[in-house]
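So the structure is just underneath, and the comments pick up after that.
Read-outs throughout are calculated quantities, based only on the coordinates presented, and are distinct from any laboratory measurement. Keep in mind the model is a prediction, meaning the values are calculated, not measured. A quick note on method: Cβ atoms are made from the backbone with ideal geometry, for glycine too, and the neighbour counts reach across all protein chains shown.
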Amino acid sequence: MKRWARRIPMSKCRFEELIDGYLLNKLDSEEAERFEEHFFNCSRCFSRLQEREALIQAIKAQGPALVQGIEPSRPKVLSWAEDVWTKLALRPWILAPAAAALFLVVVLIFQPFTKEKMPTFVLNGDNVIRGQAVSLISPIIDVSTPPLFFEWKKQGENIEYKISVYNSQLLWTATTRETRIQIPEEIRQKMVPGERYSWQVKAYAANGVLIAVSSRVQFMIKPQQ
Amino acid sequence: MSKQFSSQELEEIIRRYRPVVGFSVKKALGPNYPDWEDVVQDVLTQVITKLQTGEFRGECSLGTFIYTITKRRIVDCIRQKSKVKVEMTEVATSASGPEESLMKKERAELVSRALFKLKPKFREILYLYYYKELSREEVAARLGLSERQVSERLYYAQKVLSKVLRRFFPEKNSNFSSERRLKE
């Protein structure tokens with residue numbers, strides 16, 4: 001195909017960026033000549049050039065009337081939101097992926113509420129509740145001497161913890177706002193080597209509502225050699 | 001190898017290039033140049049003669065060929081203009097037909113209506129960029145915006161106004177019949 005018979009591409013032409021510069025006489029003579037030669041060959045650019053010239057003529061005709069009564073400063077947040085809207089209006093194709101991304105975010109946010117993620121706990125044999133888990137720290141494995149302290153992970157602010165230690169039955173129970181408690185010596189004395197013990201922590205909110213329970217962890221005091 | 005153009009092909013070429021040559025001449029000589037339409041006619045006559053006598057051999061594009069003739073004629077005019085400058089400034093507007101001025105008037109009204117429909121933040125950028133002829137950097141500094149924001153607002157305003165203007169300046173398809181036949 002001969003050069004002068006080529007078709008004009010439909011996508012944006014790189015010369016379009018020179019239109020303003022050409023019309024406002026901001027191009028150097030070489031650039032201006034290159035652009036002129038181009039619009040003799042590109043009807044799309046020529047059409048845009050005519051459009052822009054008409055626009056500039058209209059703006060020049062209006063002059064300062066165009067900005068009469070405009071407040072110079074606007075709230076930044078509003079201006080930011082408007083700019084986002086401008087960006088979207090300029091690129092409508094962004095809307096589809098943006099909507100998909102928004103949908104994904106919404107799904108991810110609400111997913112935890114839609115799934116029954118909370119574990120269930122057995123409280124007193126047949127009393128089963130569903131709630132958050134309190135993680136126990138120690139003792140969780142067999143120990144060589146009766147433990148001095150029981151320790152668990154913090155559940156939140158203003159929480160009251162109730163610890164219960166069992167052998168075959170409830171051995172000791174106490175409440176605290178700390179995440180660690182010292183076992184009274186008289187109870188510790190009752191804990192003997194070779195026996196199995198278990199313990200559990202329940203967390204209560206300030207209004208007395210049970211909000212979290214730990215699993216019931218067993219440990220044994222190893223028999224002395 | 002030169003190509004013989006039929007009268008129909010020549011007519012189509014003239015129809016397509018008259019506005020382009022006209023634009024170029026007006027831009028170079030100024031819209032108040034009294035005989036710009038004669039200059040355009042002169043260029044187009046030269047184009048037809050050269051095409052008929054086989055001076056156009058397809059070594060460059062037809063557009064470039066016509067551009068070269070236009071450019072040469074404009075340079076001649078500028079040389080003459082400096083000699084008769086005084087007489088020319090006396091004449092005000094060019095003699096465009098009543099139909100054309102009516103269309104121009106309608107177009108101007110539509111554009112200015114569309115301009116005032118734009119939000120102030122777009123209008124102030126158009127004003128500073130096109131009326132005050134500030135650069136994008138200068139507009140950004142003046143309004144406390146980033147250059148990118150200025151470009152985006154400018155582009156948005158151009159896009160909106162372009163919708164109003166497009167019907168007045170339809171893009172002429174390059175594959176008009178004479179060119180299509182000339183491809184062979």
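Qualifying GluC sites (Glu not before Pro) in the stretch B:33-76, where qualification requires a DSSP coil assignment and no more than 10 other C-beta atoms within 10 Å, comprise B:E59.
Hydrodynamic estimate: the Kirkwood radius of the stretch B:1-52 over Cα pairs, inserted into Stokes-Einstein at 20 °C and 1.002 mPa s, corresponds to D of 182 µm²/s. The amide H of A:S135, built 1.01 Å from its N in the peptide plane, has A:K153 as neighbours under 5 Å, considering only residues 5 or more places off or on other chains.
Sequentially through the stretch B:102-118, phi angles give Karplus couplings (6.51, -1.76, 1.60; θ = phi - 60°) of 5, 5, 4, 5, 4, 5, 4, 5, 4, 5, 5, 5, 5, 4, 6, 7, 5 Hz, Gly and Pro residues having no value and appearing as x. Under 5 Å between amide hydrogens, built in the peptide plane, is the criterion, and for A:V217 it picks out A:W199 among residues at least 5 positions away or on other chains. Here the translational diffusion coefficient of the stretch A:145-225 follows from Stokes-Einstein with Rh set to the Kirkwood radius across Cα pairs; for 25 °C and 0.890 mPa s it amounts to 184 µm²/s. Modelled spin-label separation between B:T68 and A:L170, with each label point placed 7 Å from Cα along the Cα-to-Cβ direction: 10.6 nm. Annotation for the stretch A:139-177: trypsin sites (Lys or Arg not before Pro) lying in DSSP loop with at most 16 further Cβ atoms inside 10 Å of their Cβ are A:K153, A:K154, A:R177.
Beyond 16 Å, the tail of the calculated P(r) for the stretch A:145-186 holds 39 percent of the Cα pairs.
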